[in-house]
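K.L.:
Have a look at the structure that comes next, please.
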Amino acid sequence: MAASRYRRFLRLCEEWPAEDSKRQRDLGSFLRQRVAQAFREGENTQISDPEACDQMYESLVRIHTNFYKNKYPRLKDTTFTGVTVEDCRTILATDILKQMDDMKKGTWKRLREKFSAKKPEEDSK
């Protein structure tokens, strides 16, 4: 029975899309890591709580298939602030978050980081 659970989770991991804009921060990569941890021995893994495992799988399938999005359709694709889904995706992209972290740094810290790093030309001399 553990083998069929393992195969179901693997199939779900294959179907789950990986978001390139959220490198190593998206739900798909987290799911893949957790499945690898939970099923270390593959199909031979002993599951301590099969009911909880099945419940987790069913919950993940509902998220993946947009069950609640389809069950409770929204009238508009914006939030109360007027931000669209695409705008949210752009804001939460890894590159944008790095830029925002750089902007939070003070001038002194940025200058110190810039000049403390060795340049490749200096190493070759």
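K.L.:
Amide H to amide H, which residues 5 or more places from residue 16 or on other chains are under 5 Å from it, using H placed in the peptide plane?
P.N.:
Under 5 Å from the amide H of residue 16 lies no amide H from a residue far enough along the sequence or on another chain.
K.L.:
Report the label-to-label distance for residue 20 and residue 58 in nanometres (one decimal), using points 7 Å from each Cα along the Cα→Cβ vector.
P.N.:
Each label point is offset 7 Å from its Cα along the Cβ direction, giving 3.7 nm.
K.L.:
Mind ranking 52-64, 104-116 by how tightly packed they are, going by the mean number of other C-beta atoms within 10 angstrom, highest first? Each step should come with its number before you reach the end.
P.N.:
Numbers: 52-64: 13.7, 104-116: 9.5.
Sorting 52-64, 104-116 by mean packing, highest first, produces 52-64, 104-116.
K.L.:
Another question, if that's okay. Could you tell me the accessible area of residue 49 in Å² (1.4 Å probe, neighbours in place), rounded to the nearest ten?
P.N.:
Number for this one is 80 Å².
K.L.:
Tell me the carbon and sulfur percent of the accessible area for segment 1-44, rounded to whole percent, probe radius 1.4 Å.
P.N.:
That share works out to 48 percent.
K.L.:
Would you mind telling me the share, in percent, of accessible area of segment 49-96 contributed by carbon and sulfur at probe 1.4 angstrom?
P.N.:
On the way: 2370 of 3980 Å².
The value for segment 49-96 is 60 percent carbon and sulfur by accessible area.
K.L.:
Stretched out fully, how many nm does the piece from residue 45 to residue 98 gain, at 0.36 nm a residue minus the Cα gap? Working shown, then result.
P.N.:
Values: separation 53, 0.36 × 53 = 19.08 nm, distance 3.90 nm.
That pair, residue 45 and residue 98, stretches by 15.2 nm at full extension.
K.L.:
Mean separation of Cα pairs under 8 Å and 6+ residues apart, divided by the residue count of segment 1-76: what relative contact order is that in percent? Kindly include the intermediate steps, with their values, before the conclusion.
P.N.:
Numbers: 35 pairs, mean separation 27.3, N = 76.
Relative contact order for segment 1-76 comes out at 36 percent.
K.L.:
In addition: Taking only protein heavy atoms into account and a 1.4 Å probe, give the accessible area per residue of segment 1-76 in Å². Please list the in-between numbers first.
P.N.:
On the way: 5970 Å² over 76 residues.
Accessible area per residue: 79 Å².
K.L.:
A further question follows. Residue-wise, which Karplus ³J(HN,Hα) couplings in Hz belong to segment 52-59, taking 6.51 cos²θ - 1.76 cosθ + 1.60, θ = phi - 60°, and x for glycine or proline?
P.N.:
Running phi through 6.51 cos²θ - 1.76 cosθ + 1.60 with θ = phi - 60° gives 5, 5, 5, 5, 4, 4, 4, 5 Hz.
The values are calculated or read from the model by the stated rules, or taken from the named source; none is laboratory data. Owing to the predicted nature of the structure, the values given are computational and were not obtained by experimental measurement. Reconstructed Cβ throughout: ideal geometry from the backbone, glycine too, with neighbour counts over all protein chains shown. Quick note on the areas: whole protein, heavy atoms, side chains included, nothing else; ligands and nucleic acids left out. Shrake-Rupley method; radii C 1.70, N 1.55, O 1.52, S 1.80 Å.
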